[in-house]
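**Q** Below is a structure I'd like to ask you about.
The values are calculated or read from the model by the stated rules, or taken from the named source; none is laboratory data. What you are looking at is a predicted structure, and each value in this text was computed from that prediction instead of being measured. Because the Cβ atoms are built from the backbone with ideal geometry, glycine has one as well, and the counts that use them run over all protein chains shown. Keep in mind that these areas ignore ligands, DNA and RNA; they rest on the heavy atoms of the full protein, side chains included. Shrake-Rupley method; radii C 1.70, N 1.55, O 1.52, S 1.80 Å.
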Amino acid sequence: RRTHDVGECCPGSGTPDSGGGQVMLVRVVTTRADVPRTGEGIASVHGEIQPQIAAMDGNAGFAMAVDRSSGRYVSIAVWTGPEALESSGHGAPRLIADLARRLHGSEPSVEVFDLVLAHVVKPVRLGYWGRLTRLEVPVPDVARAAQKFQQWVLALFDRFDGLAAIILFADRAHG
């Protein structure tokens with residue numbers, strides 16, 4: 001089990017966090033596409049999009065979650081810092097937008113967060129089930145909420161045999 005918290009996550013790159021460490025950045029791109037074409041979308045992600053994003057300078061990881069019942073796609077790309085995020089520019093989100101258009105989907109929304117915690121128990125594999133939960137916290141409480149998350153949530157979920165990873169990212173500017 002490996003856990004990287006705010007101060008340990010990618011020292012020497014990224015943006016300073018409130019504790020003086022460095023933080024990796026996460027770009028989240030969300031879209032919807034035709035439900036009957038979900039299999040085609042998943043194949044395109046693994047055959048085309050993931051290799052192209054992985055080859056971009058400063059990319060530290062890529063994953064995509066798909067809700068097969070609604071056609072919702074959430075792609076998550078981790079970047080080593082603001083320069084890497086900026087240099088990937090519109091290229092990474094454009095790949096997802098092109099896929100959405102091919103699958104008769106919606107225009108993607110793009111958000112950027114700080115990677116706060118990466119607790120990896122085992123490599124996440126194709127076909128794993130996951131839960132994505134969004135919680136908004138007032139800006140002054142973000143650091144304390146992340147600390148409580150690490151103390152309580154990790155302790156709770158670490159007991160589950162099927163756990164692969166717990167990832168926490170935050171929008172420090174907006175909560």
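**Q** Assess whether LEU135 counts as being open to solvent by 100 Å² or more (accessible area, probe 1.4 Å) and not basic (Lys, Arg).
**A** Answer is yes for this residue.
**Q** Give me the residue from region 94-131 that is over 17 Å from ARG72 (Cβ atoms) and charged (D, E, K, R) and, out of that set, modelled with the lowest pLDDT.
**A** So the residue we want is ARG125.
**Q** Now a separate question. If I ask for residues that are open to solvent by less than 50 Å² (accessible area, probe 1.4 Å) and over 14 Å from VAL29 (Cβ atoms), which ones from region 104-132 would you list?
**A** Residues satisfying the conditions are ASP114, LEU115, VAL116, LEU117, ALA118, HIS119, VAL120, VAL121.
**Q** Among the residues that make up region 76-89, is at least one of them of a type in the set (A, V, I, L, M, F, W, C), in a loop (DSSP other than H, G, I, E, B) and either modelled with pLDDT of 85 or more or touching a Leu at 6+ places or on another chain (Cβ under 8 Å) (or both)?
**A** Scanning region 76-89, I find no residue that is of a type in the set (A, V, I, L, M, F, W, C), in a loop (DSSP other than H, G, I, E, B) and either modelled with pLDDT of 85 or more or touching a Leu at 6+ places or on another chain (Cβ under 8 Å) (or both), so the answer is no.
**Q** Starting from region 119-144, keep only residues that are within 19 Å of ARG159 (Cβ to Cβ), then list their pairs with residues that are surrounded by 11 or more Cβ atoms within 10 Å (Cβ to Cβ) and among the hydroxyl-bearing types (Ser, Thr, Tyr) whose Cβ atoms are within a distance under 9 Å, requiring at least 6 positions of separation or different chains.
**A** Listed pairs, sorted by first residue: HIS119/THR3; VAL120/THR3.
**Q** I've got another one for you. Go through region 90-118 residue by residue and tally those that are assigned to a helix (DSSP H, G or I) and free of Cβ contacts under 8 Å to residues at least 40 places away in the same chain.
**A** The qualifying residues number 4.
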